[in-house]
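Undergrad: Just passing along the structure, written as structure tokens.
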Amino acid sequence: MLFKQWNELSIPRHELDYPILTSKEESLQSLPLPTVSIPINLNLKDYDAVYITTKLMNPLFPKKFLNIKEVGSIKMALSFEETGLNEGNYSWNFNENFPEEFDPASQEENEEIKKSFSFEFPLFHIPNNNSLLISIDENFLKLSPIFDNVLAKELANLLVDCKYIFVIGTSDRVMDSKSITCSVCNLNPPEFVSGFIGSLISNLAIQPVSNFSSIIVPSEGPTGFEKISLETMNELVHTFMDQWNNEIDTQKYYEECNKYWRFDGSAMSTQSGLYI
């Protein structure tokens, strides 16, 4: 399946309505990508740092303790319109891309199917060090990989002129914490990073970004439901203690992070692993 990129279109993206995906028997099709809407007044160069991560890492940013305020959101949307189910196979594997949603093959023949997918991810301002937090609620049951890839590419293009970029992610293919920058990567095959964070790092690596760094920590579990060890959690908290300009009570910050992490159920002890 062949997708036509936005920069190949002759009309501005903001003038397009939600795209319509239609089924064809041919294997090569020009199909639209999800739309990405970012607040017009958002200028990433206004921030001294931009943190990008997934919902799993939200306990590192206790909202009340750091006085975090929501300043907008990133919106994504994609619509489908399918008719004539007896004309042939669908171009997308819906069970793979949109599990738990619907199965076109189970519908009656010639029934028209319309389905829209939309997601919204908030943007937060951290006044302590004038930073922006972008946290993606990654969930393999709801969010198709195509959304991850399109959003990662859009963000990578916007982050080129940022002062400092820090990406925090997980992988079940690493045994200890790894560091990746624009010039250094200490991942050793067969170690790798997948999902939204993997796509974002890949796109940042090919951009002229000199102030990009990331930390990848070991995890267990499927995308959106990862668990990390208490030791890894403590390592991350101590890493972020240095991010707040020495203007916070580090012991209180440590306690707040631990409290939220245990409350979210995203930490696992050595006695309680994810699988038996």
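Undergrad: Considering only lysines 8 or more places apart in sequence, or on different chains, count the pairs in the range 132-249 whose C-alpha atoms sit under 24 Å apart. Write out the running numbers ahead of the final one.
TA: Numbers: LYS142/LYS153; LYS142/LYS227; LYS153/LYS163; LYS153/LYS178; LYS163/LYS178; LYS178/LYS227.
Within the range 132-249, the lysine pair count is 6.
Undergrad: Further question: Taking 0.36 nm per residue of separation and subtracting the Cα-Cα distance, what length does fully extending SER194 through ASP172 add?
TA: Additional length available on full extension: 7.0 nm.
Undergrad: Using a simple spin-label model with points 7 Å from Cα along the Cα→Cβ vector, what separation in nm is obtained for ILE206 and CYS185?
TA: 1.2
Undergrad: Quick check: with the 1.4 Å probe, what order do CYS185, CYS162 take by accessible area, largest first?
TA: Result of the area sort, largest leading: CYS185, CYS162.
Undergrad: Short version: ³J(HN,Hα) in whole Hz for each residue of the range 248-255, in order, from phi by Karplus 6.51 cos²θ - 1.76 cosθ + 1.60 (θ = phi - 60°), x for Gly and Pro, what are they?
TA: Result, ordered by residue: 10, 7, 5, 5, 5, 4, 4, 5 Hz.
Undergrad: Contour minus end-to-end for SER213 and ASP249, with contour as 0.36 nm per residue of separation and end-to-end as the Cα-Cα distance?
TA: On the way: separation 36, 0.36 × 36 = 12.96 nm, distance 2.54 nm.
In short, 10.4 nm is gained.
Undergrad: Oh, and also: Return the percentage of antiparallel bridges among DSSP beta bridges fully within the range 149-225, rounded to the nearest 5 %.
TA: Details: 5 of 12 bridges.
Antiparallel: roughly 40 percent of the beta bridges in the range 149-225.
Undergrad: Please give the peptides 132-138, 36-42, 121-127 ranked by average Cβ packing (other Cβ atoms within 10 Å per residue), highest first, as a rough proxy for protection. Display every interim value, and only then the final one.
TA: On the way: 132-138: 21.0, 36-42: 13.1, 121-127: 16.3.
The most tightly packed comes first, giving 132-138, 121-127, 36-42.
Undergrad: Here is a follow-up. Does the range 150-238 come out rounded, prolate or oblate by the C-alpha gyration tensor, with a ≥ b ≥ c the root eigenvalues, rounded set by a/c under 1.5 and, if not, prolate when a/b is larger than b/c and oblate if not? Provide the component values of the computation, followed by the final result.
TA: Numbers: a/c = 1.79, a/b = 1.62, b/c = 1.10.
Prolate, because a/c is 1.5 or more and a/b exceeds b/c.
Undergrad: What is the spin-label model distance, in nm, from ASN130 to LEU42 if the labels are put 7 Å beyond Cα along the C-beta direction?
TA: If labels sit at ASN130 and LEU42, their model points lie 2.0 nm apart.
Undergrad: Accessible area per residue, 1.4 Å probe, Å², for the range 159-267: what's the number? Intermediate results must be reported in sequence, preceding the final value.
TA: Values: 5380 Å² over 109 residues.
Solvent-accessible surface per residue comes out at 49 Å².
Undergrad: Shape of the range 200-248 from its Cα gyration tensor (a ≥ b ≥ c, root eigenvalues): rounded if a/c is under 1.5, otherwise prolate when a/b > b/c, or oblate?
TA: Values: a/c = 3.06, a/b = 1.08, b/c = 2.83.
Cα axes put the range 200-248 in the oblate bin.
Undergrad: Could you tell me whether the range 146-185 comes out rounded, prolate or oblate from its Cα gyration tensor? Rule is a ≥ b ≥ c as square roots of the eigenvalues, rounded for a/c under 1.5, then prolate if a/b exceeds b/c, otherwise oblate.
TA: Values: a/c = 2.74, a/b = 1.33, b/c = 2.05.
Oblate shape, in that a/c is at least 1.5 and b/c is the bigger or equal ratio.
The values are calculated or read from the model by the stated rules, or taken from the named source; none is laboratory data. Nothing here was measured: the structure is a model prediction, and the numbers come from that model. In this analysis, Cβ positions are derived from the backbone assuming ideal geometry, glycine residues included, and neighbour counts consider all displayed protein chains. For the accessible areas, the whole protein counts, side chains as well, though only heavy atoms, and no ligand, DNA or RNA atoms are used. Shrake-Rupley method; radii C 1.70, N 1.55, O 1.52, S 1.80 Å.
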